[in-house]
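What follows draws every value from the coordinates through simple rules; no lab data is involved. This one's a predicted model, so the numbers in the text were calculated from it and none came from an experiment. Neighbour counts run over all protein chains shown; Cβ positions are idealised from the backbone, glycine included.
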Amino acid sequence: MDTTVNKNVYNQQMRLRWQKDGVTFWTMVQQKDGVRKYVKGNAKTKKTEPIFNKEKIAAAMAPFMLPGAPQSALNFTQADFDFENKTATVEMNGKWYKVNLNNYHADTTAALEGLQRRPGRGNNRWDRDKATWLSPDKKWLVIAKDNNISLQNTNTDEIFSVTKDGNKDSTYGSVSWSTDSRYFIANRIHRVEEEKVYRIMTSMPGTTRGQLVSQPYAQPGDDNTSYEPYVFSVENRQPVKIKIPVIDFNGSPRVSWDRENAHFYVEKPDRGHQRYRVFKVNAKSGEASTLLDEKTNTFIYLNRVFTQYLPETNEILWSSEKDGYRHIYLINTNTAACVPVTKGNWVVKDIDSVDVKKRELWFSASGKNPGEDPYNVHNYRIGFDGRNLLELTPAKGNHQVVFSPDKKYYTDSYSEVNVPPVHELRRSSDGAKLMDLGKADISYLVENHLRPPVPFVAKGRDGITDIYGVACFPSLLDSTKAYPIIENIYAGPQDAFVPKNFLAHSEMQSMAELGFIVVQIDGMGTANRSKAFHDVCWQNLADAGLPDRILWMKSLAQTYPFVDTSRVGVYGTSAGGQNSLGALLFHPEFYKAAVSSCGCHDNRVDKQWWNEQWMGYPVGPHYAAQSNVTNASKLQGNLLLIVGENDSNVPPESTYRVADELIKSNKNFDFIAIPGLGHSDGGVFGRHKKRDFFVKNLLNVLPPEWNKL
């Protein structure tokens with residue numbers, strides 16, 4: 001049903017393809033009859049017009065379509081238009097065609113190279129085995145071989161040995177060059193091989209034995225590879241040890257150079273995520289001074305630390321939550337003076353771009369517009385001096401902005417979870433709206449009486465903080481009946497998860513149609529609010545915002561009397577799997593049934609980089625105290641555990657250890673291990689069993705005997 005509904009809601013997204021003149025564009029508009037309408041527009045004249053006559057192009061393409069095929073079958077999966085020569089190059093059913101729009105003659109053609117689908121790009125951060133590094137001027141090549149490095153002159157091929165003391169346990173590599181090619185930095189790497197985790201594939205085709213699969217997998221507390229950086233000059237080729245602490249966390253250090261290449265900057269986040277430093281290093285002597293030193297009693301969210309070096313002006317743009325919200329600061333690298341670019345009780349989300357010449361920052365933020373959902377994202381531009389703030393997206397809603405290639409124009413698409421998207425073309429210089437590009441067509445939802453989610457706000461555990469969520473009601477709701485609640489939970493602190501864009505249909509809504517109120521909530525401990533709101537998760541993942549979630553659902557029941565808080569279920573996957581079982585273990589007075597899929601039930605078993613971010617380092621007794629494994633004997637409600645035997649994200653033993661403790665405690669529960677399945681909610685079979693489980697345990701109705709149907 002989800003697919004059926006979503007494919008009948010049109011124009012939820014709007015993408016413009018800009019022409020070389022920077023003013024003309026084209027876009028595709030979906031129509032209710034299934035036909036795609038292609039439109040040409042002009043940002044200066046603020047007018048649009050059809051690119052071609054749809055009847056004529058249908059006739060032109062008829063020889064390449066099946067006999068009797070409807071016009072809706074004229075579905076171009078990719079297209080491009082040459083307005084000057086009046087041609088269209090389109091892809092249909094995997095083949096390419098060129099249409100002359102003067103006479104509507106069509107013929108087969110080669111695929112447009114610029115539009116071909118490309119494989120995903122690799123991440124250079126993980127390119128650990130790189131063995132050569134060419135200087136920017138291409139005159140020198142650093143070569144790593146036999147645990148040491150040498151320097152080769154690319155003109156003469158003469159090779160100079162620059163290190164001799166490397167060995168298999170302490171090798172040289174991970175090289176970066178200065179921009180003028182006078183210096184290079186190489187790290188002495190003390191390699192630690194990650195220990196492995198193992199899985200048994202029980203049902204591999206063509207085998208009669210289980211197949212053992214292994215992978216390197218660092219867990220909390222494991223030792224890490226460390227790095228000691230040295231600087232070398234091409235002139236004397238002697239190693240100079242950089243006088244900073246060993247880099248023992250987060251991989252090879254990031255290095256940036258100043259304008260004269262006399263100094264460089266090295267970033268060092270400490271393991272445990274409570275300290276972040278930037279060192280300024282003299283390239284000749286290796287002497288270092290501390291340019292930036294941020295400390296916190298809880299955590300620094302490393303994945304959201306933004307640093308951009310501005311060598312031309314000896315400055316750094318840097319993000320921090322030191323004033324209670326994530327904001328951007330400007331650091332003078334000569335004086336270490338640090339001044340705010342943005343400030344206030346709101347959150348900078350992402351940096352779109354930095355205009356060094358105009359000294360402007362383009363960014364998105366949430367929580368700045370009074371009276372709105374604080375998670376709604378808006379876009380802004382501001383000067384480095386914190387002045388001339390311009391809001392580019394003034395309308396209420398959650399915004400998605402796409403700029404034209406020269407950034408003179410942008411599309412602003414905005415919606416709310418229960419308000420369909422609107423698309424506008426705006427001018428970047430002043431944010432003025434130039435034209436309406438259209439809005440989503442949700443007539444299918446209206447005609448079929450399908451309900452959008454209902455946003456709802458309630459006070460959290462402190463009685464002050466607003467907690468935001470959504471509720472999905474059955475389409476044929478009978479307000480005289482009592483409906484049990486099911487919470488879709490994911491309390492991972494890395495983000496917030498309640499949908500803010502328009503949600504035409506979802507698994508939550510399809511579950512609600514069975515006779516439930518299905519909700520999703522962002523409790524304390526999740527991201528995108530204040531630092532204090534986020535800090536609730538610190539060494540406290542078992543909390544999962546559950547006190548706030550419970551109060552939210554009780555408040556929902558006060559507003560909607562048909563909501564029955566005596567029958568509450570919860571489900572989730574991964575961190576949500578941990579949270580759903582935790583709800584049963586730590587709040588049995590409220591939660592009565594849970595489906596937990598591929599849960600990271602013990603934070604000592606899960607991946608190091610994620611768990612140490614929130615639970616800290618070293619691994620202390622708080623890890624065990626909050627483990628679902630340790631607390632499994634507290635189970636009172638009904639539980640279904642689902643695990644994929646081929647889960648490479650969260651080791652399957654995390655779920656098996658819970659099952660082991662439940663069995664030892666003589667607890668009743670349901671358990672499904674799915675052969676060959678990876679990190680998942682259980683797939684089609686798991687979702688089927690989840691619905692049966694809640695129908696049985698919350699509605700007190702026996703599911704159909706599926707094997708007899």
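Going through the range 18-109, which trypsin sites (Lys or Arg not before Pro) have at most 15 other Cβ atoms within 10 Å and a DSSP loop state?
Sites meeting the loop and neighbour criteria: Lys20, Lys32, Lys44, Lys46, Lys86.
With contacts defined as alpha carbon pairs under 8 Å and 6 or more residues apart, what's the relative contact order of the range 308-456 in percent?
It comes to 11 percent, rounded to a whole number.
Over the Cα atoms of the chain, Rg to Rh with Kirkwood Rh, two decimal places?
Dividing the radius of gyration by the Kirkwood radius yields 0.99.
How big is the charge dipole of the chain about its Cα centre, in debye rounded to the nearest 20, if each Lys and Arg gets +1 on its Cβ and each Asp and Glu gets -1 on its Cβ?
900
Assuming R0 = 25 Å, can you tell me the calculated FRET efficiency for the pair Asn6 and Lys396, based on Cβ-Cβ distance, to the nearest 0.05?
With a Förster radius of 25 Å, E is 0.55.
Work from the charge dipole of the chain (Cβ charges, +1 for Lys and Arg, -1 for Asp and Glu, about the Cα centre) and give the residue of Val470, Gln78, Thr335 farthest towards its positive end.
Most positive-ward Cα: Gln78.
Over 28 Å between Cα atoms: which of Lys20/Lys47; Lys32/Lys708; Lys343/Lys607; Lys37/Lys368; Lys95/Lys408 fall into that group? Write out the running numbers ahead of the final one.
Numbers: Lys20/Lys47 18 Å; Lys32/Lys708 40 Å; Lys343/Lys607 34 Å; Lys37/Lys368 37 Å; Lys95/Lys408 35 Å.
Exceeds cut-off: Lys32/Lys708; Lys343/Lys607; Lys37/Lys368; Lys95/Lys408.
Can you tell which of Tyr444, Val695, Tyr276 lies farthest toward the positive end of the dipole of the chain, using +1 and -1 charges on the Cβ of basic and acidic side chains (Lys, Arg; Asp, Glu)?
Ranked along the dipole, the leading option is Tyr444.
Identify the trypsin sites (Lys or Arg not before Pro) of the range 286-375 meeting these criteria: DSSP loop state and at most 12 other C-beta atoms within 10 Å of the C-beta.
Lys357, Lys358
What does the extension gain come out to for Val339 and Ser203, with contour length at 0.36 nm per residue minus their alpha carbon separation?
43.0 nm
Please give the Cα centre distance for the range 292-336 versus the range 659-680, rounded to the nearest Å.
45
Calculate for the chain the 222 nm mean residue ellipticity that helices alone would give, adding -39,500 (n - 2.57) per DSSP H run of length 4 or more and normalising by residue count, nearest 500 deg cm²/dmol.
Here the helix-only value at 222 nm equals -4000 deg cm²/dmol.
Of Val213, Tyr483, Ala583, which is farthest towards the positive pole of the chain's charge dipole, taken about the Cα centre with +1 and -1 on the beta-carbons of Lys, Arg and Asp, Glu respectively?
Working it through, the farthest residue towards the positive pole turns out to be Tyr483.
Using a 7 Å offset from the Cα along the Cα-to-Cβ direction at both Val684 and Ser214, what is the distance between the two label points in nm, to one decimal?
3.6
Can you work out ³J(HN,Hα) from phi for every residue in the range 438-447, in order, using Karplus 6.51 cos²θ - 1.76 cosθ + 1.60 and θ = phi - 60°, giving whole Hz and x for Gly and Pro?
Here the 3J(HN,Hα) series is x, 8, 5, 9, 10, 4, 4, 5, 5, 5 Hz.
Any chance you could check the Cα centroid distance between the range 193-214 and the range 562-584 for me, in angstrom?
32
For the pair Ser161/Lys138, report the inter-label distance in nm, with labels modelled 7 Å from Cα in the Cβ direction.
3.1
Let me spell out the model: positive unit charges on the Cβ of Lys and Arg, negative unit charges on the Cβ of Asp and Glu, origin at the Cα centre of the range 326-472. What dipole size does that give, in debye rounded to 20?
About 440 debye.
Could you check the simple spin-label distance between Val356 and Asp385, using points 7 Å along Cα→Cβ, in nm with one decimal?
If labels sit at Val356 and Asp385, their model points lie 2.1 nm apart.
For the range 12-115, with only Lys/Arg (+1) and Asp/Glu (-1) charged at the beta-carbon, what is the dipole magnitude about the Cα centre, in debye rounded to 20?
420
Test of the criteria: in the range 588-658, which GluC sites (Glu not before Pro) are in a DSSP loop and have at most 11 other Cβ atoms within 10 angstrom of their Cβ?
Glu589
Based on the Kirkwood radius over alpha-carbon pairs, what is the Stokes-Einstein translational diffusion coefficient of the range 12-115 at 10 °C with 1.306 mPa s viscosity, in µm²/s? Kindly include the intermediate steps, with their values, before the conclusion.
Working: Rh = 14.4 Å.
It diffuses with D of about 111 µm²/s by this estimate.
Of the cross-linked pairs Lys7/Lys531; Lys459/Lys500; Lys357/Lys433, which ones have a Cα-Cα span greater than 30 Å in the structure shown? Display every interim value, and only then the final one.
Numbers: Lys7/Lys531 39 Å; Lys459/Lys500 19 Å; Lys357/Lys433 26 Å.
Flagged as over cut-off: Lys7/Lys531.
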